[in-house]
Amino acid sequence: RAAAPRRIHTRARAATPVVAGSRSHASAREAELLARLGPCEQWPLGSSLKFVRIAAGEADLYLRLGPTSEWDTAAGQCVLEQAGGAVLDWQGQRLRYNARDSLINGDFLALGDPGADWRILLE
């Protein structure tokens with residue numbers, strides 16, 4: 001018999017945040033922004049696993065600098081938002097779809113605790 005479904009949820013920002021990052025897209029700018037957070041634990045993960053780990057309360061942040069396509073982020077954003085998180089552009093606005101001529105996303109943050117102060121990354 002299958003186990004009953006279990007609702008996942010994000011967590012409050014950890015004192016030492018866990019940052020889900022790319023295995024292949026790290027940059028000097030990303031390192032500089034993460035240094036603003038102070039000590040953090042970094043997990044290299046592939047694709048939508050970054051969103052899922054945040055949604056499950058296992059990680060706190062995914063910082064994406066550089067282009068992604070809307071189809072790369074839509075499902076992960078849906079899962080994360082349903083778990084209580086957020087995906088925000090660099091202006092602090094919810095990442096939106098089919099709103100521009102291009103299907104390419106700009107830089108964004110995926111957050112497990114949207115109520116925490118993440119402004120230090122956006123300055």
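As an exercise, use a Förster radius of 35 Å and the Cβ-Cβ distance of Gln42 and Leu103 to find the FRET efficiency, rounded to the nearest 0.05.
Once rounded, the FRET efficiency stands at 0.75.
Among Ile54, Ile8, Ile104, which comes first, second and so on when ranked by fewest other beta-carbon atoms within 10 Å?
Working: Ile54 31, Ile8 16, Ile104 11.
Arranged by neighbour count, lowest to highest, Ile54, Ile8, Ile104 become Ile104, Ile8, Ile54.
On the first, second and third principal axes, largest extent first, how far apart are the outermost C-alpha atoms of region 18-122 in Å?
Principal-axis extents of region 18-122 (Cα, largest first): 38, 28, 25 Å.
With n ≥ 4 as the cut-off for DSSP H runs, can you work out [θ] at 222 nm for the chain, using -39500 (n - 2.57) per run divided by the number of residues, rounded to the nearest 500?
Numbers: 4 runs with 34 residues, N = 123.
Helix-only estimate at 222 nm: -7500 deg cm²/dmol.
Give the longest segment of the chain that steers clear of trypsin sites (Lys or Arg not before Pro) in DSSP loops with at most 12 neighbouring Cβ atoms within 10 Å, not counting the sites themselves.
So the longest stretch without any such site is 24-95.
Apply the Karplus parameterisation 6.51 cos²θ - 1.76 cosθ + 1.60, with θ equal to phi minus 60°, to every residue of region 71-80 and state each ³J(HN,Hα) to the nearest whole Hz, in sequence, with x for glycine and proline.
With the stated coefficients, region 71-80 comes to 5, 7, 10, 4, 5, x, 5, 4, 4, 5 Hz.
What is the set of long-range amide H partners of Asn105 at a cut-off below 5 Å, with H atoms built 1.01 Å from backbone N?
Counting only residues 5 or more places away or on other chains, the set is Thr68, Ser69, Glu70.
Rank the residues Thr10, Thr68 as a footprinting-exposure proxy: fewest other Cβ atoms within 10 Å of their Cβ go first.
Least to most surrounded, the residues fall as Thr68, Thr10.
Can you list residues from other chains, or at least 5 along the same chain, whose modelled amide H is less than 5 Å from the amide H of Gly21?
Residues meeting the criterion, in which the H sits 1.01 Å from N, are Trp43, Leu45.
FYI, it's all coordinate maths here, none of it is from the lab. Just so it is clear, the structure is predicted and the values come from calculations on it, not from any experiment. With ideal geometry, Cβ positions are generated from the backbone for all residues, glycine too; neighbour counts draw on all protein chains shown.
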